[in-house]
Structure formats: structure tokens, C-alpha cells
Amino acid sequence: MNIENLLTHTSGIADYEVVDIHVPDAIRIDVPAKQLIDSLERLPLEFIPGSTYRYSNSNYFLLGYILERVSGKSYKDYLSENLFKPAGLSATYYDSPTEIIPNRVNGYSKCQQHYFNADYISMTQVLGAGALLSTVEDLYQWHQGLYAYKLVKKETLEKAFTPFKLADGKLSEYGYGWFIKNRSGSKSIEHSGGIDGFQSDEIYFPQQDIFIATLYNSLNEGGSDVGFMALDNDIATLSVGKHLDREVSVDTALLKQFVGVYETDPKHAAIITLENGQLRMEAKAGGLPKSPLVAKCENIFLLKAIGAEIEFVRDKNKVIQLIVHFNGQNQVAKKVK
């Protein structure tokens, strides 16, 4: 199967809870947008707005609904008239289970080493958080139209590419719809997305003018995109002329010392395990399934799933904490077990 010609989903299963629906397989049911928003209204805030950053598809659903109310058009029609047509996108659609869409492909889920058909999800529960079908050719066409300012003004685009400043003065890594990262010294503007059976990623290096788009019609069970993210990170690293990190050999006795539970706060913990001679990291609250750590030296490991470095810190002969080095920021987690 030629990945370049796949017509596949480009982003976003919703992370909201449909409080008003108490039936099995609720994700398959068509739900009015207003009902979903009323459901969201009942959920408590996770933090004071502006104090920290956490990605939320629910916010994109709200934006899609606001767009419909302001424009007086459906989200699908508005995108077609104001984005798809002006950008010259001939193979990009808002997904529909009844519309005949040329070259549409099936999505698959993977559990261990076995593939099965992805379950159906109603696009009414996705709206502005995704629900789009496209090809890598159209994504590149979109990229060119965006930077030619056919879709938004230059000033608006520059604001979108500026990381939001939090209340404590620190910068998040997110602008208006894009992650702004530092990949080994190279600025990148990017975003990934996943939905049942599909995964996508888009990375742009403005200094090198390198654009990368990848589409996959498979997603690991539970929504894990770790394998694809690691592959995309390797492609991005090689594309800007950097070498892939080579794993060094670390004594098993030393690796055992890193095993344990590391907390940033009572609600967020990283679990380090040792399986078949390789360290693995899991962060349940952060949505990171067990992911391999590649040794760069005796105490620094690469978490290729997200492109972060994990440094284990000792106090004399005892491991006391780990530090996550990611996108120019450092997060400390103390060892508690």
C-alpha cells in the first residue's frame, strides 16, 4: 500500500465525556453539538485558565460550534468554501459515512501484533477537533497556501506561531493550532492527530524550508501513537541533516537502579520498568503507554516516542529523581518508590 496516496483521517478523536449518554458504544451515536457542549459545562476545570497548558480536543469542538453560530453555516460547508477551495484542495473532505468519497481507505487498530477493523465513531462528536480526510499531496498544498497568505493574513499567522505565555511568565509550546518546538536546535512548527484507525503528523522546519507530512491508516489499541511518533521523529531528525542517536550498552545492574515510580505531584507519576534488558517509561495520567528508553550514556536516555531526554539523577549512590528535558524545558520528578 502506497502511503503517499492514502486518503485518510488527518486528526483528532475527542477527549470529552458525553455525560448525557449512558448507553454502550455511545461514541457511535449522532449527538447534537449543543448537547455535547451542555455536557462539557458540567465538568470541573482542571486548572485555572492561563496557569498551565494541556491540549484539549474539547476546546476545538467549541471553536467549531462557535464558527457555525457566527457564520450561520455548517462546519463542513464553511471549511469547503473558505479553506478547501481557496487553497485548491481537491482531495480533502469532512468525513461522512454516507457520502461516496473517492479513494477512501479503511482504518485499522492494532493490538499487540494483530490488526482488526477500527470501530465506527460518529463525526458529530468530533466537529472542530478533526473529522477531516485528506492526502499528503493536499496537506502540502494547504501548507503552500497558508504560507502564501491565501487563507489568513501574515500578521495572524505569526500570532498563531507564537507560543502562549502562561501566568508565571513561562512559554507553553503551543500557539493557535500548532506546536512550536525546538528539535535539536532546529525550530519546528507541527501538529499530530489520531482517531480510531488513523494517525497523522505534520512537521515544518521554517529555517530549512522542509515540510513533512505522514498519514497512517492504523492506530494502536487505546489510541497509542507511540510507534508512529518515533518513526516521524527519526524522519524529522534525518531531514535536517542530524544523525539518529545510537544506543549505548548499559549494565543491567545499573538499569535496575532506575526502576521505580517518579512523581511530579500526587496526580502525575512516571513508572520506569525493566523488560528484556530495556528500560520502559509509562505515564498514565499523561497518556503515555509503556515506551522504550534508548540509552545515550549511563544516566541519560532518549524517549523517542515524544522526542524527549530522560536524565536520572543520583545523590551519592542512590537514584533520587529524573528530569525530563523536552523542547528547551526541564521537568523534575522525584523517586517515591
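A few comments on the model shown:
- Sorting 86-92, 66-72 by average packing, meaning the other beta carbons within 10 Å per residue, from highest down gives 86-92, 66-72.
- Cα centroid of segment 296-337 to Cα centroid of segment 120-152, whole Å: 36
- Gaussian network model of the chain, springs between alpha carbon atoms under 10 Å - residue of 232, 209, 196 with greatest fluctuation: 209
- Nearest 10 degrees, 0 to 90: helix 57-71 Cα axis against the chain principal axis: 20
- Listed residues 257, 125, 141, most fluctuating in the chain (Gaussian network, C-alpha, under 10 Å): 257
- Approximate spin-label separation residue 275-residue 317, in nm, with each point projected 7 Å along Cα-to-Cβ: 3.1
- Counting only residues at least eight positions apart within a chain, or on another chain, the lysines with an alpha carbon under 18 Å from that of residue 110 are 290.
- Only Cα pairs under 8 Å and 6+ residues apart enter the sum, and on that basis the relative contact order of the chain stands at 16 percent.
- Among 99, 247, 190, residue whose mean-square fluctuation peaks in a GNM of the chain (springs only between Cα atoms under 10 Å): 99
- Listed from fewest to most Cβ neighbours within 10 Å, the set 142, 178 follows the order 178, 142.
- Volume in Å³ per residue [convex hull over Cα atoms, computed for segment 29-105]: 161
- Residue 38-residue 167 FRET efficiency (beta carbon distance; Förster radius 35 Å; 0.05 resolution): 0.75
- Spatial separation of Cα centroids for segment 171-209 and segment 51-90, in angstrom: 19
- For the listed residue pairs 34/187; 159/335; 256/304, the alpha carbons are over 28 angstrom apart in 34/187; 159/335.
- For residue 242, the aspartates and glutamates whose Cα falls under 17 Å of its own Cα, not counting residues fewer than eight places away in the same chain, are 209, 232, 234, 309.
- Between the Cα long axis of helix 226-239 and the first principal axis of the chain there is an angle of about 90°, rounded to the nearest 10.
- Prolate/oblate/rounded call for the chain, Cα gyration tensor, a/c under 1.5 rounded: prolate
Throughout, read-outs are computed from the coordinates displayed, never taken from laboratory work. These numbers come from a predicted model, not from an experiment. Cβ: placed from backbone, ideal geometry, glycine included. Neighbour counts: every protein chain shown.
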